[in-house]
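K.L.:
Would you mind keeping the following structure in view while I ask a few things?
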Amino acid sequence: MKEMLAEINALKKEKNAVILSHYYMPPELQVLEKAGGIADFIGDSLGLSIEATRVEAANIVFCGVAFMAETAKILNPGKRVFMPDIKAGCSLASSITAKDVIELKHRHPGIPVIAYVNTYAETKAECDICCTSRNALKIAASFDSEELIFIPDVYMGQNLQHTLAEQTGKKLILWHGRCEVHEQFTQSSMSALELMYPKAEILMHWEVPQETVASSFKNTKGVLGSTNDIIKYVGQSPAHQFILASECDLGATLKGTYPDREFITPCIKCPHMKMNTLQNTLMALRAMGTPEEEYYEIDLPEDVMNRAYIPIKRMMDFV
Ligand code: 13P
Ligand code: SF4
């Protein structure tokens, strides 16, 4: 493994590339180069989008899933964006197409459409604004409209709806997408853990089903929010033990950041995120500048990039 890490870091310099890595990556892809790993930046989806706009290198290797790498490309059309495996998808992103959004808009004329960033570029291109789990509430609350269309995560939409209704009285029109990882945190699986670890607080992502959220927070303290909210919450909580209701490998960052705390991580992994490995990261870097590079590079039609840029830029203006 040491040799592979060294070759990746040498190739990054030779090929003028940086590695951006999501918190759901396998742990070995979540270690910064300065700490002995290969990543130049580790973040949630919004953090990675922000970082993508600050990159000076000509090439980005995106260790995440395709909708994230597309967003990095759209924000940086002059840079080349590569992925260890460009087939790394997402059950949310593939649940809705551009045509579906056009039909939704016909059915609900004049209602603004908020696209969770977990959508493909063509779908984003039909929407008014994007959001991530970190800024969804703020963005939804900023609209004057009493009704909003939120796509594609039905569970995140229901959770947002609950908080928004309390704060603003707004109503969300939802799609039926689901994250195949977070939907597995059912009421019964969480109740069992809450029984086994009665002193633990709960760290729960917005994408978990609403009935689980309702039952878990009835008796137990914790946070419902984005990946970033979860990481920050632990730092502010006096609790020692936490149950993580999110992607298993976020546990690596949590354990690294808070070595004195204990994390119960039911090990549900995103199969798309796990398509990234040290081996194919190395292969992507080796391929750069050779005819093989086309198998690793994000390539989007110019017209789609230009149209998807508008809702993404509106979201970035909220940061
Ligand atoms: P965030 O990084 O925005 O929390 O998104 C979570 C997720 O499921 C990414 O696929
Ligand atoms: Fe998509 Fe869920 Fe995987 Fe994130 S964790 S990439 S939302 S399937």
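Throughout, read-outs are computed from the coordinates displayed, never taken from laboratory work. Just so we're clear, the structure is a prediction, and the values are computed from it rather than from any experiment. As a convention, Cβ positions derive from the backbone with ideal geometry for all residues, glycine included, and neighbour counts pool all protein chains shown.
K.L.:
For the stretch 109-198, what are the per-bin percents of Cα-Cα distances with bins 10 Å wide, up to the bin holding the maximum?
P.N.:
Taking every Cα pair in the stretch 109-198, the percentages come to 16, 45, 26, 12, 3.
K.L.:
Apply the Karplus curve 6.51 cos²θ - 1.76 cosθ + 1.60, θ = phi - 60°, to the phi angles in the stretch 22-38 and return the couplings in whole Hz, x for Gly and Pro.
P.N.:
So the Karplus estimates, Gly and Pro as x, are 7, 4, 8, 5, x, x, 5, 8, 9, 9, 5, 4, 5, 9, x, x, 10 Hz.
K.L.:
Treat each spin label as a single point 7 Å out from the Cα along the C-beta direction, and report the ALA239 to GLN210 distance in nm.
P.N.:
Taking the two extended label points, one gets 2.3 nm.
K.L.:
Per residue, how big is the convex hull around the C-alpha atoms of the stretch 182-264? Give it to me in cubic angstrom, could you?
P.N.:
So the per-residue hull volume is 78 Å³.
K.L.:
If you place +1 on the Cβ of every Lys and Arg, -1 on the Cβ of every Asp and Glu, and leave all else neutral, what size is the dipole of the stretch 232-278 about its Cα centre, to the nearest 20 Debye?
P.N.:
For this selection, approximately 80 debye.
K.L.:
With N set to the residue count of the chain, report its C-alpha Rg divided by 2.2 N^0.38 Å to two decimal places.
P.N.:
0.99
K.L.:
Shifting gears a bit: Over 28 Å between C-alpha atoms is what I'm after, so list which of LYS34/LYS124; LYS138/LYS199; LYS34/LYS79; LYS73/LYS170; LYS105/LYS232; LYS221/LYS269 land there.
P.N.:
Long pairs (Cα-Cα over 28 Å): LYS34/LYS124; LYS138/LYS199; LYS73/LYS170; LYS105/LYS232.
K.L.:
Now a separate question. May I ask you to sort TRP175, TRP206 by Cβ crowding, counting other Cβ atoms within 10 Å and putting the fewest first?
P.N.:
Exposure proxy ranking, most exposed first: TRP175, TRP206.
K.L.:
Take the Cβ-Cβ distance between TYR258 and LYS34 as r, set R0 to 30 Å, and report the resulting FRET efficiency rounded to the nearest 0.05.
P.N.:
Result of the calculation: an efficiency of 0.90.
K.L.:
Among GLY110, ALA192, VAL55, flag the residue with its Cα farthest along the positive direction of the charge dipole of the chain, charges on Cβ as +1 for Lys/Arg and -1 for Asp/Glu.
P.N.:
ALA192
K.L.:
Along the Cα→Cβ direction, 7 angstrom out, place labels at GLU14 and HIS108. What is the inter-label distance in nm?
P.N.:
5.2
K.L.:
Got a sec to turn the phi values of the stretch 271-277 into Karplus ³J(HN,Hα) couplings, 6.51 cos²θ - 1.76 cosθ + 1.60 with θ = phi - 60°, whole Hz, x for Gly and Pro?
P.N.:
Computed from phi, the couplings for the stretch 271-277 are x, 6, 4, 6, 6, 8, 9 Hz.
K.L.:
Follow-up. How large is the helix-only mean residue ellipticity at 222 nm for the chain, computed as the sum of -39500 (n - 2.57) over DSSP H runs with n ≥ 4, divided by its residue count, in deg cm²/dmol to the nearest 500?
P.N.:
Details: 13 runs with 130 residues, N = 319.
Taking each H run of at least 4 residues, the total per residue is -12000 deg cm²/dmol.
K.L.:
Provide the percentage of antiparallel DSSP beta bridges, counting only those with both residues in the chain; round to the nearest 5.
P.N.:
5
K.L.:
Taking DSSP loops as anything outside H, G, I, E and B, show the longest stretch in the chain free of GluC sites (Glu not before Pro) there with at most 11 other beta carbons within 10 Å.
P.N.:
Longest stretch, sites excluded: 147-319.
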